[in-house]
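In what follows, a single structure is set out as structure tokens and then discussed.
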Amino acid sequence: MKKKVVLMGASGSGKTSMRSLIFSNNPASLTARLGATIDVEQNHVRFLGDLILNLWDCGGQDTFMETYLAQQQSTIFQHVAVMIYVFEVESRNMSKDLAYYRGCLAALRKNSPEAAVFLLVHKIDLVRGDRAAVLERKTHELQQESADVEVTVFGTSIYDESLYKAWSRIVHTLIPNAAVLSKHLTVLAQACSATEVILFERTTFLVIATSTPPPASPTAITSPPTMSPSFSTPSSTHTSSNFTSTTYSRSIPHTSVQQDSDPHKLSPTRYERTSELIKAFKHACSRVREEFHSLEMELDDFTAVLDELTKNTYVLIVVHDPTIETAALRMNVRLARKKFE
Ligand code: GTP
């Protein structure tokens, strides 16, 4: 099953940069070297069994945009499952960006009326003042431009986890059996006495599904480890409990209401942070010509195992019960493989 995803936006808005981070495991620092995309570049990524993501990165220079909207309209806009339109938060020519956006939206509606539309207000790191307020204003402006078309807007940057959050949500909409996967993950979580189990796609490390959070109870929900992005280069491919608790830190702000129902102080950004940090770790592995295989952490208050589940996925299991051994978690992952293949 092939799902076509069209990535559109003005030249220099950051389309190829995000593609290179998410699909090619490159660091943000290398994106400055990327040249302008000529015409359309296509990527195929195999997600879960027979789901293939067919990504069309469409160069944003004016001549290409004019061609997409005229001669190539049916080639570009037919059979699209998702259109992602990227806007620079501090665009120098927003009225031109919006004119092209309206053209693309109309072409999409005509050729793929069922396609979902996601808008990224990108390079949000460049905003000096109140980012939330800027994002809210931009969201309002873009929703108005979209008329009666339902759009989802994210603020993104290649320099933090926001990009993973947006892309995980987008990809999630393309997975036909996401609810079944969540159910299987819940069973696995129960078998492991885990507080949470998360399924990642292998190449991109985008979140595919998570175990359904159990109802509030003293043992409910957890925060997977939040790792410092500055940790050192790995010395072995199979890391074990040799990371200290200073290497990993937990975050995050909580209201008193959350604390009542969340004894483990859930981080709301835990999924995308994990994606971002594991990608950084994988990059560090490749710098020393090692391959990333798996990860184990045993800290004072929780244990986590990240292991290959299937050819295309990794699973992260987080447990707050100190009596549970990581070997047992790994064995359960092995036993669960068949269910997910
Ligand atoms: P075309 O291929 O011409 O359509 O451009 P593009 O949209 O693919 O832009 P590209 O990815 O080549 O990015 C242009 C520049 O934006 C590069 O120098 C990137 O480093 C920079 N860039 C991309 N994302 C971000 C971001 O989140 N923040 C900041 N500050 N710069 C970014």
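Data for the structure
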| item | result |
| --- | --- |
| Segment Arg287-Ile38, length gained on full extension (0.36 nm per residue, minus Cα span) | 86.7 nm |
| FRET efficiency, Ala132 to Glu341 (Cβ-Cβ, R0 35 Å, nearest 0.05) | 0.25 |
| Label-zone membership for segment 166-197, site Thr152, 7 angstrom Cα→C-beta point, backbone N under 17 Å | 166-182 |
| Dimensions (Å) - segment 132-177, Cα atoms, principal axes, largest first | 32, 29, 12 |
| Mean projected area (nm²) of the alpha-carbon convex hull when segment 75-180 is viewed from all directions | 7.6 nm² |
| Ascending count of other beta-carbon atoms within 10 Å, so fewest first, for Val318, Val171 | Val171, Val318 |
| If the convex hull is drawn through the Cα atoms of segment 121-208, its volume per residue in Å³ | 135 Å³ |
| Kirkwood hydrodynamic radius of segment 297-341, from inverse mean 1/r over distinct Cα pairs, in Å | 10.9 Å |
| Distance between modelled label sites at Met1 and Ala327, nm, 7 Å Cα→Cβ extension | 4.0 nm |
| Kirkwood hydrodynamic radius (C-alpha pairs) into Stokes-Einstein, segment 40-104, 20 °C and 1.002 mPa s, D in µm²/s | 160 µm²/s |
| Diffusion constant of segment 1-153 at 10 °C, which comes from Stokes-Einstein with the Kirkwood Cα-pair radius and 1.306 mPa s, µm²/s | 99 µm²/s |
| Exposure proxy ranking, count of Cβ atoms within 10 Å, fewest first, for Val288, Val121, Val149 | Val288, Val149, Val121 |
| Measure of compaction for segment 1-49 (Cα Rg per 2.2 N^0.38 Å) | 1.24 |
| Reachable aspartates and glutamates, given that their alpha-carbon falls under 13 Å from the alpha-carbon of Lys282 and they are not under 8 places away in the same chain | Glu290, Glu291 |
| Compactness of segment 93-137, expressed as Rg and Dmax over alpha-carbon positions, Å | 13.7, 40 |
| Karplus (6.51, -1.76, 1.60) ³J(HN,Hα), θ = phi - 60°, over segment 39-50, in Hz, Gly and Pro reported as x | 6, 10, 10, 10, 10, 10, 10, 7, 9, 6, x, 9 |
| Of Lys96/Lys165; Lys4/Lys165; Lys2/Lys183, pairs whose Cα-Cα distance is over 22 Å | Lys96/Lys165; Lys2/Lys183 |
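No lab work stands behind these numbers, since they all come straight from the coordinates. Bear in mind the structure is a predicted one, so any value in this text is a computation, not a measurement. Don't worry about glycine lacking a Cβ; one is built from the backbone with ideal geometry, like all the others, and counts go over all protein chains shown.
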